[in-house]
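The values are calculated or read from the model by the stated rules, or taken from the named source; none is laboratory data. Because the structure is a prediction, the values reported are computed rather than measured. Methodologically, a virtual Cβ is constructed for each residue, glycine included, from the backbone with ideal geometry; neighbour enumeration extends over all protein chains shown.
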Amino acid sequence: MGDIEKRDVAVFGLWWSWNYGSIMTYYALYRTIKDLGYSVTMIDRPGFKPDAPIYHSHGRRFAKEHYEAITPVFGFGEMRELNAYADTFVMGSDQVWNYGICRHYRGGMFFHFLDDDKRRLSYAASFGHPGFFAPEEEVAVTKSYLRKFDAISVREEDAVGVVNHTFGLQAARVLDPVFLPDREIYSVLAGKSEAKRNPLVAGDFIAVYILDGNPEKKAAAEYLSERLALPLVVMLDGTMANFEVNREKLGLYPAAENLQVEDWLYYIENCRYLITDSCHGASFAIIHEKPFVCIENEGRGISRFESLGRVFGLRNRFVSDAARIREREDLLLPPDYGRVRGILEQERARCLEWLAEALEREVLPVGEKGNEYLPPGQLLHDLAAGCYRRMKRIYRKLFRDERRA
């Protein structure tokens, strides 16, 4: 324990992922917290061994190159050791609270291992679905963990309702971390990519980023290629072991092999148009102000697509059926990014203010944190009752004063 270099903040989440969007989500959160003046360590995935495939992911390669500190790997029964690494703990973004994922971490995604004097908060956590689909006993246990949080923020609009009504707690809706830094940080990474040195195609192109290929998505990409008279650059799911299977499912070429996150950033930043079924793909199209269409991916959760589209007023760029793209001439035109830019500036300022305040919030005992959720009707009732009690005290005092007079 004597050689531990304690940081201000420890970030936990799925930063070691194969998924390009998840890799960038944590990098953006890390950079944002650093820019707010804190030192940061990343909590490594608990309970896995060096021979696990994820240990050699391109996400881990990226992490080793860009994070100032990463904790050792602790077993699930050893996670209390993490208390020594920081005083503030941040649960990061993406589907960390999707029960199908977080149940494998045995309460870790809700900081069950932390001492009561540690500050804990979430930034843009996601349930992945409009509910926490866990057994009742797990819901109760999870609520006991969340009550210890000093601040809770979630990524989707409907996730606010899940926290309010399933757990009886307050939550704020915030942007995915990828929207917080200046986009120049992504351009710097893209500038170091192999794709910049040796691009798949010369000249302008349409970027295709498809996680779950099928004939309808293939036909939509081919239609756009024909209408815009541009070649395709195809990017698939980042799990390298599934590359051949995913390429066969989509059936489009050329598909980028051994695609690193820097290459992924390069192709999105430099494309003329993006077609994707990824929420993070759409997010980076917005960041780089690219014309795009996003096919909602029901198998990976619809709510994030709906929320992203509504926040930026771009709901019309999201389609539920790839076959309908050829019926939508408006999708060939760029969005009004002047308006979107204004929304992003306001949202970014609000979210940075929320995060900065949460990182300094006083750690109070459970029951004194003021984080319980009161339905609007109950809130009005409590306000009215409080006003009545105050007025009653005033009139009693006036009555006593009159009698004395």
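Any chance the range 85-104 includes a residue that's free of Cβ contacts under 8 Å to residues at least 40 places away in the same chain, among the hydroxyl-bearing types (S, T, Y) and either over 15 Å from D8 (Cβ atoms) or in the same structural domain as S283 (by TED's automatic domain parsing) (or both)?
Yes, the conditions are met somewhere in the range 85-104.
Within the group D176, D150, D212, D182, which residue is among the charged types (D, E, K, R), closer than 22 Å to N246 by Cα and within 23 Å of the chain's Cα centre (by Cα)? Step through it out loud before you land on a result.
On the way: D176 fails: closer than 22 Å to N246 by Cα; D150 fails: closer than 22 Å to N246 by Cα; D182 fails: closer than 22 Å to N246 by Cα.
Going through D176, D150, D212, D182 in turn, just one is among the charged types (D, E, K, R), closer than 22 Å to N246 by Cα and within 23 Å of the chain's Cα centre (by Cα): D212.
Look at the range 245-277 and say how many of its residues are within 26 Å of A323 (Cβ to Cβ) and part of a helix (DSSP H, G or I). Show your work before the answer.
Of all residues in the range 245-277, those within 26 Å of A323 (Cβ to Cβ) come to 245-256, 267-268, 271-277.
So of that shortlist, the ones also part of a helix (DSSP H, G or I) come out as 245-250, 267-268.
Selection size over the range 245-277: 8.
Okay, residues lined up against (1) touching an Asp or Glu at 6+ places or on another chain (Cβ under 9 Å); (2) surrounded by fewer than 24 Cβ atoms within 10 Å (Cβ to Cβ); (3) under 20 Å from V178 (Cα atoms); (4) modelled with pLDDT of 95 or more:
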site	(1), (2), (3), (4)
K249	yes, yes, no, yes
A255	no, yes, no, yes
L265	no, no, yes, yes
I268	no, no, yes, yes
T276	no, no, yes, yes
I302	yes, yes, yes, no
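Just to be sure before I move on: is Y38 touching a residue at least 40 places away in the same chain (Cβ under 8 Å) and part of a loop (DSSP other than H, G, I, E, B) in the structure I sent?
Working: touching a residue at least 40 places away in the same chain (Cβ under 8 Å): yes; part of a loop (DSSP other than H, G, I, E, B): yes.
For Y38, the condition - touching a residue at least 40 places away in the same chain (Cβ under 8 Å) and part of a loop (DSSP other than H, G, I, E, B) - is met.
Out of all the residues in the range 20-38, is one or more at positive phi, surrounded by fewer than 20 Cβ atoms within 10 Å (Cβ to Cβ) and not acidic (D, E)?
Restricting attention to the range 20-38, the residues satisfying the condition of being at positive phi are 37.
Of the ones still in play, those that are also surrounded by fewer than 20 Cβ atoms within 10 Å (Cβ to Cβ) are 37.
From the residues that got through so far, the ones that are not acidic (D, E) too are 37.
Within the range 20-38 (the criterion being at positive phi, surrounded by fewer than 20 Cβ atoms within 10 Å (Cβ to Cβ) and not acidic (D, E)), the answer is yes, since at least one residue qualifies.
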